[in-house]
1. Could you please let me know if residue 56 is touching a residue at least 24 places away in the same chain (Cβ under 8 Å), at positive phi and assigned by TED's automatic domain parsing to the domain that holds residue 121?
2. Go through segment 346-400 and give me each residue that's more than 16 Å from residue 186 (Cα to Cα), among the basic types (Lys, Arg) and at pLDDT below 95.
3. Checking residue 109 against (1) over 35 Å from the mean Cα position of the chain (by Cα); (2) under 16 Å from residue 30 (Cβ atoms); (3) of a type in the set (Val, Ile, Thr): exactly one of these is not met. Which one?
4. Does residue 293 satisfy the criteria of being within 22 Å of the chain's Cα centre (by Cα), under 30 Å from residue 151 (Cβ atoms), of a type in the set (Ser, Thr, Tyr) and surrounded by 19 or more Cβ atoms within 10 Å (Cβ to Cβ)?
5. Within 24 Å of residue 53 (Cβ to Cβ) and among the aromatic types (Phe, Trp, Tyr): does that describe residue 356?
6. Pick out, from segment 166-232, the helices (runs of 4 or more DSSP H) lying fully within it that include 3 or more residues that are of a type in the set (Val, Ile, Thr).
7. Can you find a residue in segment 191-201 that is in the same structural domain as residue 304 (by TED's automatic domain parsing), in contact with a Cys (Cβ under 7 Å, 6 or more places away or on another chain) and of a type in the set (Val, Ile, Thr)?
8. Check 141, 109, 51 and return the single one that is touching a residue at least 40 places away in the same chain (Cβ under 8 Å) and farther than 30 Å from residue 297 by Cα.
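The values are calculated or read from the model by the stated rules, or taken from the named source; none is laboratory data. All values derive from a computational prediction rather than experimental measurement. Neighbour counts run over all protein chains shown; Cβ positions are idealised from the backbone, glycine included.
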Amino acid sequence: MSDIAYSHDGETGSAEEAGAEGMAEASRKARPVPRISIQVFCEEQDFSDAVQNAAGDRRMDKAHLSMQMGGINAALESYREGPTPNLIILESKASREQLIAQLDELAEVCDAGTKVIIVGHLNDVLLYRALVERGVSEYLVAPVTSLQIIGSISNLYSDPNSDPLGQVITFVGAKGGVGSSILSHNVAWAISEITQTDVVISDFDLPFGTAGLDFNQDPNQGIAEALFQSDRLDDVMLDRLLSKCSERLSLFASASNLDQEYDVEQEPCDIVLDVLRKNIPFSVVDMPHSWASWSKYVLMQSDEIVITATPDLANLRNTKNILEFLKTHRQSDIEPRLILNLVGMPKKPEISVADFAQIVELKPTVVIDYEAEIFGTAANNGQMLGEVSQKSKVAKQINELACMLANIKAPAEEDSSILKPILNRFGMK
């Protein structure tokens with residue numbers, strides 16, 4: 001029998017995520033963990049390492065987690081004298097009979113309301129049933145990954161009847177002027193059109209944001225008010241501050257007022273992202289090219305990150321530095337996506353796409369050729385690329401990227417052949 005990870009609702013899944021696709025899906029499903037206290041008791045170093053990686057994940061920021069070695073015996077010693085936390089995670093290598101006996105003993109010193117997750121080394125259905133009868137919230141078979149730990153915790157504290165949390169997709173340029181903003185706006189528009197789902201563009205470039213210009217909007221209030229009055233921000237205030245672009249797309253734009261100073265803190269950013277997640281299925285964040293504590297925080301809290309770069313030396317260096325930072329601090333998250341933009345600009349020396357990808361160790365998701373006419377027309381008219389030329393190569397690339405980020409299958413392209421009516425008549429393709 002293959003290893004099975006048993007969960008409290010009876011579902012089963014593999015003990016280790018298989019490949020990048022499985023990891024990406026697990027990362028999307030894992031919700032932020034609320035402000036709870038968690039104590040973990042380990043027996044093996046591998047599990048201890050996984051817990052440490054989980055503790056550093058962005059979704060665990062609000063939880064207070066402590067860890068020690070010793071397994072269930074250490075937990076028994078600890079709770080005979082002190083209170084139990086909201087959640088206890090126990091690793092055990094004991095046999096079925098030993099584990100059940102130890103849990104019965106632990107139940108006598110546990111406070112009411114404490115949840116328990118067991119990480120065992122036995123793939124045993126009878127053991128799982130016995131644990132469920134004793135109120136154990138979940139049983140995982142070792143070895144487990146940090147994503148499995150985060151997912152198990154978030155599942156315990158998420159209301160299964162509540163609406164799923166929205167996705168935060170952040171675009172950042174490796175350098176100023178690489179087209180990150182225009183691409184983020186176009187992708188957001190494409191997601192709203194393809195999925196027919198509500199999307200908000202949050203323009204975090206408070207003094208110089210261009211989201212309003214790109215959609216022919218002139219908002220006199222928006223994201224700055226939300227950040228500086230974050231203690232009042234709720235769904236009602238959010239509706240008041242958003243500017244409608246279409247039935248499904250709204251702007252959380254900046255008023256671009258240079259008379260005001262914009263000193264942003266981490267906590268207001270956290271509140272804004274939380275309110276967006278709870279109310280909007282897709283939030284596309286347009287980040288300025290800056291590196292401050294608040295901008296790093298927004299990146300760290302994003303579900304997906306898209307880096308836009310052009311194929312020159314400065315972009316190569318910056319992209320590599322950003323990717324190394326994210327790889328260190330977002331080990332359990334989806335790998336960032338890379339867009340190489342303005343490729344093939346006339347008379348401009350550039351690094352080849354293959355060399356760029358090899359050096360940064362990341363294959364570009366999209367390579368966008370230099371097309372001055374379509375980009376210039378869209379910018380001057382306040383239109384999206386798909387509105388200017390729906391059948392252009394770049395518009396199709398934007399749609400493909402939008403589907404990837406929305407985690408949906410790209411719609412089949414309509415056959416425009418002049419032979420289509422005749423072939424349909426005879427039932428032919």
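1. Numbers: touching a residue at least 24 places away in the same chain (Cβ under 8 Å): yes; at positive phi: no; assigned by TED's automatic domain parsing to the domain that holds residue 121: yes.
So residue 56 does not fit the description; no.
2. Once the filter is applied, which keeps residues that are more than 16 Å from residue 186 (Cα to Cα), among the basic types (Lys, Arg) and at pLDDT below 95, segment 346-400 yields 347, 348.
3. (2)
4. no
5. No.
6. 180-195
7. Filtering segment 191-201 for residues in the same structural domain as residue 304 (by TED's automatic domain parsing) gives 191-201.
Retained after the next criterion (residues that are in contact with a Cys (Cβ under 7 Å, 6 or more places away or on another chain)): 194.
Those left that are additionally of a type in the set (Val, Ile, Thr): 194.
For segment 191-201, residues in the same structural domain as residue 304 (by TED's automatic domain parsing), in contact with a Cys (Cβ under 7 Å, 6 or more places away or on another chain) and of a type in the set (Val, Ile, Thr): present.
8. Result: 141 is the single residue among 141, 109, 51 that is touching a residue at least 40 places away in the same chain (Cβ under 8 Å) and farther than 30 Å from residue 297 by Cα.
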